[in-house]
Amino acid sequence: MAEASKTTAAPTVLSVVIPMYNEEEVLPALVSRLRPVLSGLGVEHEVVAVDDGSTDRTAELLAAFRLGWPQLRVIGLRRNSGHQAALTAGLDRAVGAYVVSIDADLQDPPEKIPDMLALARAESLDIVYGIRADRASDTGFKRWTAGLYYRLVRRLAGPSVPAHAGDFRLLSRAAVDALKALPDQQRVYRLLVPWLGFPSGQVTYERAPRPAGQSKYPLGRMIRLAVDSVTGFSAAPLRIATWLGGFAFLVCLGLMVYTLSAHAFQHTVPGWTSLFIGVLFIGAVQLVCVGLLGEYVGRIYTAVQNRPTYFIGHDTAAGGQDTAVGTGTGTGTGIGTDAGASVPSPAGPPAGSEDAATRVAQGLRQGS
């Protein structure tokens with residue numbers, strides 16, 4: 001019995017989930033900063049890198065780094081499913097008692113992870129947000145649009161949504177399980193996590209510039225995120241459409257009075273301006289209302305289809321096998337893989353494997 005207990009892997013304390021899409025340029029810098037931080041914690045941990053259907057050499061680099069880093073676990077999605085879907089895949093399969101989500105661009109510092117874990121343990125918190133106290137590295141337009149976004153969502157979802165908190169956060173196992181139980185398909189974790197109402201704390205940091213690569217959130221995706229945030233968490237736009245319809249009705253009444261008055265005084269010809277403006281205004285209001293209704297109908301249509309938000313191509317925790325039927329749904333279930341399996345961490349990497357991984361990674365970066 002004592003011999004069997006020695007071979008049993010210790011429970012994983014911390015999982016770090018990193019969604020990735022075409023991050024080959026920044027990966028070496030990410031590994032060089034993240035690995036010593038986690039090794040210094042002195043706890044069992046895993047790094048869950050979710051390759052969101054990258055078309056560059058991200059997958060090859062991850063495989064190379066994994067040669068000398070046994071705690072690195074790679075999950076490959078069959079196609080690009082989006083940042084929030086890749087994050088969902090990582091959260092669904094992370095096994096740690098605490099789970100930290102962080103982007104691969106190093107704008108959120110990995111060095112803050114120990115502070116998050118220490119705060120969660122000391123104060124028995126289920127959520128620790130990474131708050132961007134200084135966004136000087138962002139452009140003026142980026143800061144303005146981000147401020148507008150957070151003011152909007154805080155007005156719709158309430159003050160529980162922390163300002164300037166992205167997807168850099170720590171979650172307890174209870175919080176992760178609560179998220180997995182939610183039926184939402186088009187998830188926006190910046191709103192879902194505060195909605196849970198679990199005890200939370202904050203760790204502030206200065207947002208750094210991206211050291212390499214390009215941003216995966218251009219203006220179009222930022223607008224899509226804002227639309228998903230509003231339509232997925234509030235019915236306020238529908239009420240706005242109702243108020244616009246009421247306002248348009250009042251304008252129409254005013255135009256009717258004006259038209260009848262002009263007709264009574266035989267001034268019907270000059271009325272073409274007001275008629276033209278009225279038609280344009282009513283048409284614009286109708287299009288806005290139809291567009292808002294379309295957003296909600298589209299979400300209902302997506303929910304009725306009940307398609308998985310992502311498909312797992314492979315998970316190294318399952319022996320590196322291609323899980324052809326492995327899927328992830330909005331409820332956090334999986335088919336064909338052992339989503340709760342943990343890879344036992346060896347005492348250390350084989351001799352020379354880390355140097356070999358570095359050489360392979362450098363060769364991949366230089367290209368063949």
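The values are calculated or read from the model by the stated rules, or taken from the named source; none is laboratory data. Computed from a prediction, not measured in an experiment: that's the story for all the values here. For accessibility, only protein heavy atoms count, side chains too; no ligands or nucleic acids. Shrake-Rupley method; radii C 1.70, N 1.55, O 1.52, S 1.80 Å.
What the table below lists for this structure:
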| read-out | value |
| --- | --- |
| Residues with amide H under 5 Å from that of Y98, placed H, sequence gap 5 or more | L14, S15 |
| C252 - accessible surface, heavy atoms, 1.4 Å probe, Å² rounded to 10 | 40 Å² |
| With DNA, RNA and ligands ignored, accessible area of Y205 (1.4 Å probe; Å², nearest 10) | 10 Å² |
| Heavy-atom accessible area ranking, 1.4 Å probe, most first, across T12, T204 | T204, T12 |
| Long-range amide H partners of V47 with built H, under 5 Å | V16, L72, R73 |
| Tensor-based shape of segment 49-100 (alpha-carbon gyration tensor, a/c under 1.5 rounded, otherwise prolate or oblate) | oblate |
